[in-house]
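Have a look at the structure below before the remarks.
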Amino acid sequence: MIDLDDQIAQTLRERAEGDVDTDRLLRGSRARGRRRQVHRRTAVGTALCLVGVLGFVGVTGTGLDELAGRMPWSTATPTPTVVPPRADGVPGAATDPTLVGADPQVLHFGLDPDRARYLGWEVIRDQVETVRLSVAGGEEVRVDVSTSIELPSSVTINGTSVEVTEPGRPTFDGAVRPAGGMARGLVTLWQPAPGLYARAVMLHGDRAVLDRAVKALRWGEARRCAAPLRLGALPDGAKVTVCSVDVASYPRLVTARFNLQRSPMENMSVEYRYASQGGTHTEADRTIAGRPALLSARGTRLELAGIPGTTVYADFGWPWNGEAPANIFTEADATALLADLELPEDPTRPQSWK
């Protein structure tokens with residue numbers, strides 16, 4: 001057998017001209033050999049460690065999902081989620097479809113939190129209940145549920161207002177088809193229970209995502225339209241007609257809205273917005289329950305001040321056509337309402353929402 005030095009020199013002489021520094025090549029070859037041995041030993045050690053970890057998982061029952069956060073190669077942080085609390089003692093839509101929309105502060109269906117993430121929810125009294133959701137790797141899907149086939153045509157998806165149109169009478173057959181009014185949208189309409197009508201729509205077509213979103217819905221449960229603020233006593237004769245919460249950007253941003261009505265011409269909304277990077281409004285010209293507050297120049301909006309990162313205001317005295325109608329909510333109504341609000345110490349702790 002030819003010695004390694006002679007073999008290297010012979011090979012290179014056949015392929016090149018001039019003398020060859022065989023000592024240098026030999027040193028390099030041996031160094032590479034040592035590096036390969038180290039790499040092999042490292043790979044074997046890592047594999048044995050992984051086998052040991054997996055063995056530990058099997059013995060202790062620790063799931064890989066929990067373990068992933070502690071693996072050296074796993075750096076992704078799970079997206080925080082919000083799940084509205086259950087409405088104890090309230091049946092779901094599948095049990096009693098007539099309850100859908102009856103109470104603006106209760107949703108009569110929900111999601112499997114292991115399969116989908118809540119982005120927002122809304123109830124409009126006597127009309128529709130809505131949940132916006134996303135499934136892993138998919139975009140936003142909006143689900144509207146009602147006891148009427150007349151579902152709202154104007155909806156907001158991914159922050160975009162769109163028109164969802166159905167030619168003729170809607171067909172609730174569960175088929176997936178292009179959504180009228182949207183270039184790339186998809187829609188499916190079906191009946192989760194007799195007397196109940198549902199529609200799921202997405203802005204950009206992906207049938208697999210839409211199918212997973214529909215399968216993540218749960219019709220046998222009821223959940224509260226929980227928000228970071230809680231309304232106290234309402235003005236005499238007023239009732240809540242809308243509860244709407246957006247948590248798509250939680251925990252950086254949370255918004256909520258309640259609409260109140262006393263008559264067709266008497267409406268007031270309470271708006272809430274928490275932004276983790278938001279400032280603190282300090283301008284004020286009055287005090288409400290010990291908190292500074294500011295009345296707008298128009299005299300139809302009353303805002304609480306001095307709450308870090310948070311905006312809370314009551315918008316009253318509308319419709320407005322240059323002159324206030326005779327029957328409207330007043331500043332006194334808005335003041336009493338804001339004085340009785342319950343606000344959380346930490347808006348990013350949804351377990352404290354009511």
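The values are calculated or read from the model by the stated rules, or taken from the named source; none is laboratory data. Quantities reported herein were computed from a predicted structural model and do not represent experimental measurements. Every residue, glycine as well, gets a Cβ built from its backbone with ideal geometry; the counts of neighbours run over all protein chains shown. For the accessible areas, the whole protein counts, side chains as well, though only heavy atoms, and no ligand, DNA or RNA atoms are used. Shrake-Rupley method; radii C 1.70, N 1.55, O 1.52, S 1.80 Å.
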- Task: May I ask you to list the residues in the range 185-217 that are under 24 Å from Asp96 (Cβ atoms), among the basic types (Lys, Arg) and crowded, with 17+ Cβ neighbours inside 10 Å?
- Result: Arg199
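For the range 256-268, enumerate the residues that are within 23 Å of the chain's Cα centre (by Cα) and not hydrophobic (A, V, I, L, M, F, W, C).
First pass over the range 256-268, keeping only residues within 23 Å of the chain's Cα centre (by Cα): 256-259.
Selection gives Arg257, Asn259.
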- Note on the structure: Of those in the range 149-189 that are hydroxyl-bearing (Ser, Thr, Tyr) and in a loop (DSSP other than H, G, I, E, B), the residue farthest from Asp211 (Cα to Cα) is Ser153
- Kindly provide the set of residues from the range 138-164 that are touching a residue at least 40 places away in the same chain (Cβ under 8 Å), among the polar types (S, T, N, Q) and closer than 23 Å to Gly110 by Cβ, ordered by number. Ser146, Thr147, Ser148, Asn158
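Listed here are the residues, each with its yes/no results for (1) modelled with pLDDT of 90 or more; (2) open to solvent by 60 Å² or more (accessible area, probe 1.4 Å); (3) more than 22 Å from Ala116 (Cα to Cα); (4) in contact with a strand residue (DSSP E or B) (Cβ under 7 Å, 6 or more places away or on another chain).
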| site | (1), (2), (3), (4) |
| --- | --- |
| Val145 | yes, no, no, yes |
| Glu150 | yes, yes, yes, no |
| Ser153 | yes, no, yes, yes |
| Ile157 | yes, no, no, yes |
| Pro167 | no, yes, yes, yes |
| Val176 | yes, no, no, yes |
| Gly180 | no, no, yes, yes |
| Ala183 | no, yes, yes, no |
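Looking for whichever is under 27 Å from Ile328 (Cα atoms) and in a loop (DSSP other than H, G, I, E, B) here; the options are Ala297, Ala293, Ala314. Which one fits? Walk me through how you get there before you give the answer.
On the way: Ala293 fails: in a loop (DSSP other than H, G, I, E, B); Ala314 fails: in a loop (DSSP other than H, G, I, E, B).
When all the criteria are applied, what remains is Ala297.
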- Message: surrounded by fewer than 16 Cβ atoms within 10 Å (Cβ to Cβ), assigned to a loop (DSSP other than H, G, I, E, B) and free of Cβ contacts under 8 Å to residues at least 24 places away in the same chain: is that true of Arg115 in this structure?
- Response: no
- Message: Can you go through Leu119, Leu133, Leu203, Leu196 and tell me which one is at pLDDT 95 or above and farther than 18 Å from Thr81 by Cβ?
- Response: Leu196
- Message: Which residue is modelled with the lowest pLDDT, if the candidates are limited to the range 302-334 and must be open to solvent by 40 Å² or more (accessible area, probe 1.4 Å) and among the polar types (S, T, N, Q)?
- Response: Asn321
- Qualifying residue in the range 255-275 (condition: of a type in the set (D, E, K, R), without any contact (Cβ under 8 Å) to a residue 24 or more places away in the chain, touching a strand residue (DSSP E or B) at 6+ places or on another chain (Cβ under 6 Å) and open to solvent by less than 30 Å² (accessible area, probe 1.4 Å)): no
